[in-house]
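Just below is one structure, and these are the notes that go with it.
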Amino acid sequence: MEKPYLIGLAGATASGKTAAAVRLCQRIGGEIVSCDSMQIYRGMDIGTAKPSEAERGGIPHHMLDIVDPTESYSVSAFRQQAGAVIEDILSRGKKPVLCGGTGLYIDALTRPMAFSEQSDETLREALKAVALEPGGKRRLHDMLESIDPESARRLHENDVRRVVRAIEIYRLTGRTMTEQMAIDQAREGDYRVRLFALEWPREVLYARIDRRIDQMMAMGLAEEVARLLEQGVPPDSTAMQALGYKEIAAALMNRCTMDEAVAAVKLGTRHYAKRQLTWLRRDGRARWIPAEGRTADDIASEIIGEIGE
């Protein structure tokens, strides 16, 4: 039996993925499976650019608002839940369209990922505890560098969650994350995948990012962050480490001015966009679509032409 298709639409933050994916779904009978590691959290709407009901255009959006910000969540849990959603969409004769900028989530659904199923909570907590000690982040990163230099080059020492995960994978499998990902990528997946990525001139993309953040502030991002803190979401929780949230939280706790926080959000988002694009450029499956000067319908038309719908 021929494997079913999975269509993926990826790109940097503020590149117009949602609008294009909605238009594509409207034209091919699709439903969106969000691949965004922060839009999973309830109550985090403005800072994650979660699409409004109007922006969803009547298209079902799955994997949004599934976790409280105080809860932990893993790639393995995402793979399991989103995989069930995809099978349900296919069973109803609809077409699943992956949409989002979290490369690891896209890979979790489009590539076999044996390492995502393995975890050791005790080991993970012990490694996190090392990071909390004076100089601990550096020691943790050095530990990773000694076993997986490639991952250590890719991950900053402040990215404690991913550094810990890379060490955990090595301790559990005897292989580095780099080696395990190479093995997984050589295996066949459950779907035929058509992955598309939106491309913008860098300066145009950066201007779009700046405008979006200004719009977020006007929509009440500071109030959203304040509400989460008042509800008891810890400032050091995974959810509150999201771009826009940690910086605004710092301003609300008088660690910087609000203007300084907004400038930090803009700079951090630009850096994040560069990492997203680097991830996608390493993925030989990605078909790049120029987005400047084109409508969501134009982009949908090009994708439809490529997939032969």
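Observations, loosely collected:
- Complete set of residues in segment 24-42 that are surrounded by fewer than 21 Cβ atoms within 10 Å (Cβ to Cβ) and either touching a Leu at 6+ places or on another chain (Cβ under 6 Å) or of a type in the set (A, V, I, L, M, F, W, C) (or both): ILE28
- One residue from ASP190, ASP210 being charged (D, E, K, R) and within 20 Å of the chain's Cα centre (by Cα): ASP210
- Residue in segment 299-309 that is modelled with the lowest pLDDT, counting only those that are assigned to a helix (DSSP H, G or I) and more than 21 Å from ARG202 (Cβ to Cβ): ILE307
- Those residues of segment 1-13 which are part of a loop (DSSP other than H, G, I, E, B), under 15 Å from VAL193 (Cα atoms) and in contact with a strand residue (DSSP E or B) (Cβ under 6 Å, 6 or more places away or on another chain), in sequence order: LYS3
- Criterion: part of a loop (DSSP other than H, G, I, E, B) and assigned by TED's automatic domain parsing to the domain that holds GLY57 - qualifying residue of ARG287, ARG270, ARG294: ARG294
- Restricting LEU198, LEU205, LEU172 to those that are outside any helix (DSSP H, G or I) and either under 22 Å from the mean Cα position of the chain (by Cα) or not aromatic (Phe, Trp, Tyr) (or both) reduces the list to LEU198.
- PRO149 meets all of the listed conditions (1) under 30 Å from LEU267 (Cα atoms); (2) touching a Leu at 6+ places or on another chain (Cβ under 9 Å); (3) surrounded by fewer than 20 Cβ atoms within 10 Å (Cβ to Cβ); (4) at pLDDT 85 or above but one, namely (2).
- Some residue of segment 14-28 being outside any strand (DSSP E or B) and either among the acidic types (Asp, Glu) or not assigned by TED's automatic domain parsing to the domain that holds LEU221 (or both): no
- ARG111, sole failed condition from (1) crowded, with 19+ Cβ neighbours inside 10 Å; (2) modelled with pLDDT of 95 or more: (2)
- Scanning segment 253-278 for residues that are crowded, with 18+ Cβ neighbours inside 10 Å and either under 22 Å from ARG194 (Cα atoms) or among the aliphatic types (A, V, I, L, M) (or both) gives ALA261, VAL262, ALA264, VAL265, ALA273, GLN276, LEU277.
- Filter result for GLY293 (surrounded by 13 or more Cβ atoms within 10 Å (Cβ to Cβ) and farther than 25 Å from ILE86 by Cα): no
- Note on segment 217-267: among residues that are over 23 Å from VAL160 (Cβ atoms) and outside any helix (DSSP H, G or I), the one that is nearest to the chain's Cα centre (by Cα) is GLY220.
- Among residues of segment 10-23 that are under 20 Å from LYS266 (Cα atoms), those with a beta-carbon under 8 Å from a residue that is crowded, with 24+ Cβ neighbours inside 10 Å and basic (Lys, Arg) at least six positions away or on a different chain give the pairs GLY11/LYS17.
The values are calculated or read from the model by the stated rules, or taken from the named source; none is laboratory data. Everything numeric in this text was worked out from a predicted model, so none of it was measured. Neighbour counts are summed over all protein chains in view; Cβ atoms, including those assigned to glycine, are modelled from backbone coordinates with ideal geometry.
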